[in-house]
Amino acid sequence: MALICGIYGYQITVSFEIHDLKFIPKSADNAEVKKWARNLDEYHLTAVLVGEDITAEFLFDLEAVLSFIEHLDVWVSQPIACESGDPFLALPKSIKSPHRRRSGGGAMILEDVFEKESRAACIRKLLSSLSDVVFCEQTQFRRMFFKYVESFRSPTRFVETTFFLVFTGLEAHARAVSNDFQTASPVKSIRKLFAQHGFSITAENWEEPARAVKTYVELRNSLFHNSQLSTTVRAHGATYGYKLTDYLPQLCDLVALVILKTVKFDDNHINWNSWLDRMPFK
């Protein structure tokens, strides 16, 4: 007998399969599904997952992957036996959230009504990388990915916590990839990682601080060591002041893009400069 899981709060109108598991949308009406998926007070049933063997480990990763794509907390129910011809009848239509769902911004991947294969392809690549034990050990990819996802789906969101999760996940990944665990400052390893993925970021850039790794590192130091949300830096006879809240959006967007680069996902719609111009798609 087939097992089913309810997928709540994820925008989907096109069915697809992963490892003999079928993802079946509740509706093909994109406007209707989007309204369900983006509701911040309830988790609406938007799809079902159907298969013979659905493991807890797979569901744990899947829930995080769907949340990453939606940039909003997504919930996947535990498997139950499907005794009805219509699997949607066996599941609650919606679940009241015990807390208001916190959005991490707009969706990361284009809606499937506009690009049929993009979301499914991204899900496959992320799940494949997350399940690769050797890869994750060598690159600390799981650590970076889950810290990033937790930074926006946590019911209580503090600027300090968000910055801590996103930055430390990035640092762990950058140090692992460059095998640099001895250098006190992570500037070199993070700059090298960004360069490897084609981002125009240098160690220092006093005219465009958002393009300087040192900006984020100095803010990290001020936050971790002094519990301050701002910092000042003396360089070249001038004083530069930075506020964490001014640069946190760019950092979050950069790490999300690094995650996509790491799993080699590119559907030709991702705007890789979105961390600066805030336009996610092209």
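Each value in this text was obtained by applying a stated rule to the coordinates, not by laboratory testing. Predicted model, so just to flag it, every value in this text is computed and none were measured. Note that each Cβ is placed from the backbone with ideal geometry, even for glycine, and that neighbours are counted across all protein chains shown.
Remarks
- Remark: region 133-277 carries a charge dipole of roughly 320 debye about the Cα centre, counting +1 on each Lys and Arg Cβ and -1 on each Asp and Glu Cβ.
- Between Trp272 and Ala56, the modelled label-to-label distance comes to 4.0 nm, taking each label 7 Å out from Cα in the direction of the beta carbon.
- Mean Cβ count within 10 Å, highest first, over the residues of peptides 270-280, 137-147, 68-78: 68-78, 137-147, 270-280
- 0 to 90° range, to nearest 10: angle between helix 56-70 axis and the chain longest Cα axis: 70 degrees
- Rounded to the nearest 500, the 222 nm mean residue ellipticity of the chain from helices alone is -13500 deg cm²/dmol, with -39,500 (n - 2.57) taken per DSSP H run of at least 4 residues.
- Global geometry of region 133-277, whether rounded, prolate or oblate, following the gyration tensor of its Cα atoms and the 1.5 cut on a/c: rounded
- Of the residues Gly237, His44, Val213, the one whose Cα sits farthest towards the positive end of the charge dipole of the chain is Gly237 (charges of +1 on Lys and Arg Cβ, -1 on Asp and Glu Cβ, taken about the Cα centre).
- Local electrostatic count, Gln140, Cβ distance below 14 Å [Lys/Arg +1, Asp/Glu -1]: 0
- Label assignment, Cα Rg over 2.2 N^0.38 Å derived from the structure, set (i) 1.15; (ii) 1.07; (iii) 1.35: (ii)
- Cβ charges +1 (Lys, Arg) and -1 (Asp, Glu), total dipole of the chain, debye: 900 debye
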